[in-house]
């Protein structure tokens, strides 16, 4: 969830007030007790400081970047995600979104840099997402696929509940996720969120079906606080 955003911002400024008026920038900052991506800790089970910016380019197009500290046991320090996309409403209940994400890691783990192509369908509170990566985590294999289904709804006291389950499929790549040699796994999450005092407070339970040889994928509860800018 940088260079693209800066380039787009510069272009809007150069083309004059007319173009800039259709250009909207928003941001976010946050802190979490861990950074979990598809069920696995990206920070060595330590604190995550994160934030990013989004640019609404108009006509359904958008661009932005998001970053967080990471720790995979080497000299890596930062993950930065650059993305562009296009989304539109089919009707008042159904929407589609297509995006491209470039993952960039700063430090020795720059060899892990990779891209993802994402297609999402939202309908009646249900979110269906399909992700394809031709070079997941710099592996260079044929393909990695991720399939996710999520559902969210409101509870009393303005609390939102989110449910998610995803399938990580690396059958065509030289990647395994634990000591047993599994090249696919399922991740789950249940989240609660509430906005209060100008920030969003969240608590999320994460788990996977990865074996115990991969401690980064152990079940855990993560607390987070974030603010939109």
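The values are calculated or read from the model by the stated rules, or taken from the named source; none is laboratory data. From a predicted model like this one, the values you see are computed outputs, not experimental measurements. Glycine also receives a Cβ, built like all others from the backbone with ideal geometry; neighbour counts cover every protein chain displayed.
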Can you confirm whether residue 140 is on the phi > 0 side of the Ramachandran plot, surrounded by fewer than 15 Cβ atoms within 10 Å (Cβ to Cβ), assigned to a loop (DSSP other than H, G, I, E, B) and at pLDDT below 95? yes
How many residues does segment 54-79 contain that are touching a helix residue (DSSP H, G or I) at 6+ places or on another chain (Cβ under 6 Å) and at pLDDT 95 or above? 4
Residue match in segment 108-123 (condition: under 22 Å from residue 164 (Cα atoms) and over 17 Å from the mean Cα position of the chain (by Cα)): yes
Report, ordered by the first and then the second residue, all pairs with beta carbons closer than 6 Å, sequence separation of six or more or different chains, a first member in segment 203-228 that is more than 18 Å from residue 46 (Cβ to Cβ), and a second member that is part of a loop (DSSP other than H, G, I, E, B). 207/219; 208/39; 210/177; 210/178; 211/178; 211/180; 213/178; 213/179
Please work out which residue is modelled with the highest pLDDT, limiting yourself to segment 80-129 and to residues that are out of contact with any strand residue (DSSP E or B) (no Cβ under 6 Å at 6 or more places or on another chain) and within 27 Å of residue 45 (Cβ to Cβ). 111
Restricting segment 143-159 to residues that are part of a strand (DSSP E or B) and over 19 Å from the mean Cα position of the chain (by Cα), the one nearest to residue 204 (Cα to Cα) turns out to be 159
